[in-house]
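The values are calculated or read from the model by the stated rules, or taken from the named source; none is laboratory data. Given the structure is predicted, the values throughout are model-derived calculations rather than measurements. Note that we place each Cβ from the backbone using ideal geometry, even for glycine, and neighbour counts take in every protein chain shown. What goes into the accessible areas is simple: the full protein's heavy atoms, side chains included, and nothing from ligands, DNA or RNA. Shrake-Rupley method; radii C 1.70, N 1.55, O 1.52, S 1.80 Å.
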Amino acid sequence: MENNLYFKKSANGFTRWMLCTSIIMLCLFTVNVNAQITVVSGGAGLSASYGSLTKAGGLFSALNGTSQSAQTIVIAITGDVLDEDGANALTGASGMWTSLSFTPSGPRTISGTISGTGLIDLSGADNVTFDGINSGGNSLTIANTNTASTANTSTIQFINDATNNTVKNCIIRGAATGTSTATIFFSASPAITVSIAGNDGNIIDRNNIGPVGTNFPLQPIYSLGTTTAAANFTSGVQITNNNIFDFFNSAAVATGVFVSSGNTDWTVTGNSLYQTASRAFTATGGFI
């Protein structure tokens, strides 16, 4: 009788040990793949875990598809998601939650290569918090690696009256190069109606906002508001205590925080804007 299957000295025993080890490793791999995004509490009609935020069948699609009215939802990022495609914005169209929060468990990264929209696109979504924690071994990096100049290319986009959202303690990376792009983009709504009130009351606090390697963004933070009437302006945004660095284009004017038309009553304070190396411009380039 074999009492110790895993440590049997025979070749046959070794084969069984390897087989069992392979099965265990396969199980662990399967769990890891399917549980990068875990629903900790709250939510109506949600699965326990998802492999993506923005892809078809991902968490954003699930949140949009079922009323989350009056729900307090807590989401943990428990594994890296490195292939987001930006297919689904977060809208809350079927019924908005009371609050929706995302925090990492361990050092986590959400990334993709997205053009023409945000990697994380908050389109009319309210009361959403991304908190990278940035302590105790927990951190959250959100990165769009696309260097496109296509309008609205961004890492995080607020659009269509996305209000009272917070991004804090995160590492946010972008490389978009166009004048209508940004790492964090507050965008004018494409369909202007009297109901458009602006992307109001959003908070960007204590983040590290930088490039993707040596691919520099032109504008780390940019807001182009809706200008139809003062009631449509984006207002009450707070940009506070962030490190904003390595934004550059040798032949263009690079701007760390660019608040353009259609905006009012912003608070921009306590931020550090800097370059980590010297930069050389052509005659048309510069910083503002």
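Anyone know which of Thr234, Thr109, Thr153 comes out most mobile in the 10 Å Cα GNM of the chain?
Sorting by GNM fluctuation, first place goes to Thr109.
Would you mind calculating the relative contact order of region 43-187 from Cα pairs under 8 angstrom and at least 6 residues apart, reporting the percent as a whole number?
Details: 424 pairs, mean separation 29.1, N = 145.
Over region 43-187, the number comes to 20 percent.
State the percentage of accessible surface on the chain attributable to carbon and sulfur atoms; use a 1.4 Å probe and exclude ligands, DNA and RNA.
56 percent
Report the residues of region 214-237 in range of a label on Ser149: point 7 Å along Cα→C-beta, backbone N strictly under 15 Å from it.
216-219
Can you tell me the length gained on complete extension of the stretch Ser250 to Val268, counting 0.36 nm per residue apart and subtracting the Cα distance?
3.9 nm
Which of Ala251, Ala56, Ala148 moves most in a GNM of the chain, Cα contacts under 10 Å?
Evaluated over the chain, the most mobile residue of the options is Ala251.
Extending each Cα 7 Å along its Cβ direction at Ala229 and Asn243, get the distance between those two points in nm, one decimal.
Here the modelled spin labels are 4.5 nm apart.
Rolling a 1.4 Å sphere over the protein heavy atoms, what is the accessible area per residue of the chain, to the nearest Å²?
Per-residue accessible area for the chain comes out at 44 Å².
Between Ala277 and Ala48, what is 0.36 nm times their sequence separation minus the Cα-Cα distance? Round to one decimal in nm. Working shown, then result.
Working: separation 229, 0.36 × 229 = 82.44 nm, distance 4.50 nm.
That pair, Ala277 and Ala48, stretches by 77.9 nm at full extension.
Please work out which option in [x] -0.55, -0.79, -0.93, -1.24; [y] -0.55, -0.74, -0.85, -1.09; [z] -0.75, -0.88, -0.94, -1.09 gives log10 I(q)/I(0) by the Debye sum over Cα atoms at q = 0.10, 0.12, 0.13, 0.15 Å⁻¹ calculated from these coordinates, and answer with its label.
[y]
Mind telling me which of Ser180, Ser52, Ser135 comes out most flexible in a GNM of the chain, alpha-carbon contacts under 10 Å?
Top of the fluctuation ranking is Ser135.
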